[in-house]
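Here the structure comes first, spelled out in structure tokens, and everything after it is commentary.
The values are calculated or read from the model by the stated rules, or taken from the named source; none is laboratory data. Please read all numbers here as calculations on a predicted model, not as lab measurements. Methodologically, a virtual Cβ is constructed for each residue, glycine included, from the backbone with ideal geometry; neighbour enumeration extends over all protein chains shown. Remember, those area values only see protein heavy atoms, side chains included, never the ligands or the DNA or RNA. Shrake-Rupley method; radii C 1.70, N 1.55, O 1.52, S 1.80 Å.
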Amino acid sequence: MTKIKNKNRGTSIVLAANSSPTLNDITFSELTGILDKVSEIDPVLHRAIQEKKLISVSTGNASPCINLLRVNETCAKLAETADFLVLIGVGRGVLTNYYANFTCDSLRLAVIKNESIAHFLGGSNFDAVCHFEQKNV
């Protein structure tokens with residue numbers, strides 16, 4: 001049996017979080033604190049952070065919804081070269097960006113917790129939304 005080594009494909013991940021608390025969303029300072037603690041016990045995560053393959057950034061926002069035209073400069077610059085965008089939550093993934101067109105592939109993930117939104121999408125309350133869209137060039 002031959003052991004196949006994983007090759008580094010140059011993948012990097014940017015985790016973006018709000019600057020201030022919003023409902024039950026994690027804030028940028030909470031995110032960096034958690035990443036620091038977990039990287040102390042996980043050598044893969046530690047290496048990814050050290051090599052800047054995993055970066056956390058503040059969006060500059062303080063809302064469960066996000067207008068991607070209004071994120072701070074740091075977040076915007078990092079997003080310019082994204083190959084894949086994941087929007088998580090009803091506010092970010094459905095209410096404000098469900099029909100947004102991006103220049104990279106995107107995935108919207110959410111659990112609907114509002115009857116009128118569920119009805120609008122043709123589903124039921126507590127249905128999951130998993131909407132993948134290929135880039136619009």
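Based on this model, can you work out whether Phe126 counts as in contact with a Lys or Arg (Cβ under 7 Å, 6 or more places away or on another chain) and either modelled with pLDDT of 90 or more or of a type in the set (Lys, Arg) (or both)?
Working: in contact with a Lys or Arg (Cβ under 7 Å, 6 or more places away or on another chain): yes; either modelled with pLDDT of 90 or more or of a type in the set (Lys, Arg) (or both): yes.
Taking the combined requirement at face value, the residue satisfies it.
Take the residues in segment 48-66 that are part of a helix (DSSP H, G or I) and touching a strand residue (DSSP E or B) at 6+ places or on another chain (Cβ under 9 Å); name whichever of them is farthest from Ala17 (Cα to Cα).
Pass one, segment 48-66, residues part of a helix (DSSP H, G or I): 48-50.
Now drop any that are not touching a strand residue (DSSP E or B) at 6+ places or on another chain (Cβ under 9 Å), which leaves 48-49.
Values: Ala48: 18, Ile49: 16 Å.
Among residues in segment 48-66 that are part of a helix (DSSP H, G or I) and touching a strand residue (DSSP E or B) at 6+ places or on another chain (Cβ under 9 Å), the one farthest from Ala17 (Cα to Cα) is Ala48.
Would you be able to say whether some residue in segment 24-31 is touching a strand residue (DSSP E or B) at 6+ places or on another chain (Cβ under 7 Å), under 27 Å from Leu121 (Cα atoms) and among the aromatic types (Phe, Trp, Tyr)?
No, every residue in segment 24-31 fails to be touching a strand residue (DSSP E or B) at 6+ places or on another chain (Cβ under 7 Å), under 27 Å from Leu121 (Cα atoms) and among the aromatic types (Phe, Trp, Tyr).
Going through segment 20-33 one residue at a time, which ones are open to solvent by 90 Å² or more (accessible area, probe 1.4 Å) and hydrophobic (A, V, I, L, M, F, W, C)?
Selection gives Leu23 alone.
Anything in segment 83-108 that is surrounded by fewer than 18 Cβ atoms within 10 Å (Cβ to Cβ), closer than 17 Å to Val14 by Cβ and free of Cβ contacts under 8 Å to residues at least 24 places away in the same chain? List them, or say none.
Asp83, Phe84, Val86, Ile88
I'd like to verify a number: residues in segment 60-118 that are among the β-branched types (Val, Ile, Thr), within 12 Å of the chain's Cα centre (by Cα) and modelled with pLDDT under 90, how many?
Residues flagged as among the β-branched types (Val, Ile, Thr), within 12 Å of the chain's Cα centre (by Cα) and modelled with pLDDT under 90 within segment 60-118 amount to 1.
When Ile13 is evaluated against the numbered criteria (1) over 29 Å from Gln134 (Cα atoms); (2) loosely packed, with under 14 Cβ neighbours inside 10 Å; (3) hydrophobic (A, V, I, L, M, F, W, C), which criterion, by number, is the only one it fails?
Result: Ile13 fails condition (1) only.
Kindly provide the set of residues from segment 67-82 that are charged (D, E, K, R) and either open to solvent by less than 70 Å² (accessible area, probe 1.4 Å) or closer than 18 Å to Thr22 by Cα (or both), ordered by number.
Arg70
Please go through segment 35-66 and pick out each residue that is of a type in the set (A, V, I, L, M) and surrounded by 14 or more Cβ atoms within 10 Å (Cβ to Cβ).
Scanning segment 35-66 gives Leu35, Leu45, Ala48, Ile49, Leu54, Ile55, Val57, Ile66.
For residues that are open to solvent by 50 Å² or more (accessible area, probe 1.4 Å), over 17 Å from Asn97 (Cβ atoms) and assigned to a loop (DSSP other than H, G, I, E, B), tally how many sit in segment 109-137.
The qualifying residues number 6.
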